[in-house]
Amino acid sequence: MTTTAHGGPGLPQERRLVTEIPGPKSREMFSRKQSAVPAGVGTTLPVFVTKAGGGVLVDADGNSLIDFGSGIAVTNVGNAAPKVVERVQNQVADFTHTCFMITPYESYVAVCEKLNAITPGDHEKRTFLVNSGAEAVENAVKVARLATGRPAVVAFDHGYHGRTLLTMTLTAKNMPYKQGFGPYAPEVYRMPLAYPYRWPGENVAEEAAAQAIDQITKQIGAENVAAVIIEPIAGEGGFIVPAKGFLPRIAEFCKANGIVFIADEIQTGFARTGQMFACEDEGIVPDIITTAKGIAGGLPLAAVTGRAELMDAVHAGGLGGTYGGNPVACEAALGVLETIEEEGLVERARAIGDVMLPRLRGLQERFGIIGDVRGRGAMTAIELVVPGTKDPNPAAASEIAKRCHAEGLVVLTAGTYGNVLRFLPPLVIPDHLLDEGLTILEKAVSEV
């Protein structure tokens with residue numbers, strides 16, 4: 001299947017290396033970065049981008065790299081989708097800000113109406129807009145606590161929910177997200193995730209759900225739990241797709257005990273997995289869904305969408321923020337939603353998965369270093385191990401990524417053990433670049 005590549009006029013959809021990676025101009029800028037920006041703000045690949053679109057990133061040295069990262073699942077519709085560009089340009093010319101809580105504007109309401117309509121479930125919903133995924137998660141928990149009058153929040157092993165105090169607490173991985181930043185927020189509890197590749201038993205979904213429910217019941221008390229929050233596919237934790245049946249069982253338990261079920265769809269949302277939202281795969285209807293990343297084509301925007309009775313429980317003034325639902329970002333989001341619908345990007349994500357997963361499984365058959373291949377749609381990953389074992393092999397993941405970068409393919413690492421390579425190509429990537437990127441990956445794996 002082919003698709004339209006967006007990159008502004010005249011941006012060739014090709015891999016082109018004119019210098020080493022990174023080149024001299026990028027290295028010069030990186031030295032400026034090091035003297036101006038704290039070391040704690042890391043960089044995966046220090047090439048400084050000047051243009052991007054379709055399936056490529058063009059750097060300051062004129063190199064054109066294939067993009068298998070999408071800015072961490074943000075540029076699903078590409079970096080310069082025409083409808084996003086047009087709407088943003090028009091809005092900037094009209095006004096950039098009023099603060100929706102002071103004098104509102106229609107685009108904020110239009111985004112909320114759209115999200116109420118397209119998120120799972122036909123119940124009455126309300127949406128409000130904030131700036132980032134972490135802010136959306138914090139607000140979802142606020143709503144759940146106020147609406148239920150309960151304090152406790154349950155998260156899961158391998159989960160990632162953000163870097164603020166509460167969301168850092170909800171996040172499972174210590175390094176680099178939590179190390180040295182404690183003490184953490186109270187009343188957060190962590191439960192086992194149905195991680196098929198690493199679960200010790202055979203009935204993964206049943207055993208993991210039973211264990212989680214037993215621990216919630218015995219250690220916290222279901223009547224004390226305001227919310228359970230989970231990513232339908234664990235993102236930073238390693239693109240772990242929970243065993244079928246696990247999510248529905250947890251959702252049923254929540255419903256039976258008056259617990260708010262929050263689906264964190266920040267990385268999985270907006271067509272990324274071959275469905276508009278990943279929880280649709282097993283028919284999950286969350287009480288609250290948090291979205292960000294792919295929502296606005298790269299502009300800062302996030303949303304909390306939930307059952308009307310939960311959302312309306314909050315007193316006037318209890319939700320909001322100066323920049324939440326910025327009008328420029330709202331117009332971008334409307335352009336993103338139009339693009340997804342008009343260009344069939346839900347189906348395109350499935351087509352990308354139909355290309356990537358068989359190629360990755362073929363690699364797994366050839367090389368014992370790949371322990372697991374997983375994912376859905378355009379959200380796929382390989383887990384690297386010491387051959388003949390399930391011991392995590394982060395060194396191999398790092399080396400493969402390094403070789404891909406040198407050849408002009410942007411890939412990202414992930415995973416609790418740092419041993420996962422995750423692939424998030426833009427949904428508008430042309431077929432030939434998808435194929436070429438996979439060929440570069442195959443070469444890197446074979447060499448390592």
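Since every read-out is calculated from the coordinates, none of them should be taken as a lab result. None of these values were measured; they are calculated from a predicted model. Glycine gets a Cβ as well: all are built from the backbone with ideal geometry, and neighbour counts include every protein chain shown.
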- Task: Taking 7 Å along the Cα-to-C-beta vector as the label spot, tell me the Ala110-Glu447 distance in nanometres, rounded to one decimal.
- Result: 4.8 nm
- Counting pairs of Cα atoms in the stretch 369-448, how many percent are more than 14 Å apart? 60 percent
- Message: Could you give the length gained by full extension between Ala210 and Lys244, i.e. 0.36 nm per residue of separation minus their alpha carbon distance, to one decimal place?
- Response: 10.8 nm
- Query: Spin-label point model (7 Å from Cα, Cβ direction): what's the His123 to Gln89 distance in nm?
  - Reply: 4.3 nm
- Query: PRE reach from Thr389 (point 7 Å along Cα→Cβ): which of the stretch 352-372 fall under 11 Å by backbone N?
  - Reply: none
- Item | Among Ala36, Ala226, Ala134, residue whose mean-square fluctuation peaks in a GNM of the chain (springs only between Cα atoms under 10 Å) | Ala36
- Message: Which of Leu357, Leu193, Leu129 has the fewest other C-beta atoms within 10 Å, and how do the rest follow up to the most?
- Response: Leu357, Leu193, Leu129
- What's the Cα-based Rg to Rh of the stretch 97-157, Rh via Kirkwood? 1.02
- Query: Over the stretch 220-373, how many percent of alpha carbon pairs lie in each 5 Å bin up to the one with the longest distance?
  - Reply: 2, 8, 13, 17, 18, 16, 12, 8, 4, 2, 1, 0
- Query: So what's the Cα pair-distance distribution over the chain, bin width 20 Å, in %?
  - Reply: 25, 59, 16, 0
- Antiparallel DSSP beta bridges within the chain, as percent of all bridges there, nearest 5: 65 percent
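Rounded to a whole number of µm²/s, how large is the Stokes-Einstein D of the stretch 205-284 at 4 °C and 1.567 mPa s, given Rh as the Kirkwood radius over C-alpha pairs? Could the numbers behind the result be given before it?
Numbers: Rh = 13.2 Å.
The Stokes-Einstein estimate is 98 µm²/s.
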- Task: May I ask you to derive the FRET efficiency for Glu252 and Glu341 from their Cβ-Cβ distance with R0 = 30 Å, giving the value to the nearest 0.05?
- Result: 0.40
- Item | Residue-span extension gain [Lys178 to Arg16] - 0.36 nm each, minus C-alpha spacing | 54.5 nm
- Is the stretch 251-311 rounded, prolate or oblate when judged by the Cα gyration tensor, a ≥ b ≥ c being the square roots of its eigenvalues, rounded requiring a/c under 1.5 and prolate requiring a/b larger than b/c? oblate
- Query: Label 7 Å along Cα→Cβ of Cys99; the stretch 314-338 residues with amide nitrogen under 13 Å?
  - Reply: 320-324
- the stretch 115-195 - convex hull of alpha carbons, volume per residue in Å³: 128 Å³
- Message: Percent of Cα-Cα pairs more than 21 Å apart in the stretch 83-342, please.
- Response: 58 percent
- Note on the structure: Toy charge model, Lys and Arg Cβ at +1, Asp and Glu Cβ at -1: the stretch 333-424 dipole around Cα centroid in debye, rounded to 20, equals 400 debye
- Message: Taking the number of other C-beta atoms within 10 Å as the exposure measure, put Ser26, Ser132 in order starting with the fewest.
- Response: Ser132, Ser26
- Query: Dipole of the chain, Cα-centred, from +1 at each Lys and Arg C-beta and -1 at each Asp and Glu C-beta, to the nearest 20 debye?
  - Reply: 980 debye
- Charges only on Cβ, +1 for Lys and Arg, -1 for Asp and Glu: so what's the dipole of the stretch 83-342 about the Cα centre, in debye to the nearest 20? 720 debye
- For Asp67, Asp61, ascending order of other Cβ atoms within 10 Å (fewest first) is Asp61, Asp67
- Using r as the Cβ-Cβ distance of Ser35 and Arg163, and R0 as 25 Å, what FRET efficiency do you calculate, to the nearest 0.05? 0.60
- Exposure rule at most 15 other beta-carbon atoms within 10 Å, DSSP loop trypsin sites (Lys or Arg not before Pro): the chain longest free segment: 1-162
- Item | With eigenvalues of the C-alpha gyration tensor scaled by 5 and rooted, the stretch 1-157, Å | 36, 23, 18
- Rounded to the nearest 500, what is the 222 nm mean residue ellipticity of the chain from helices alone, with -39500 (n - 2.57) per DSSP H run of 4+ residues and division by all residues? -11000 deg cm²/dmol
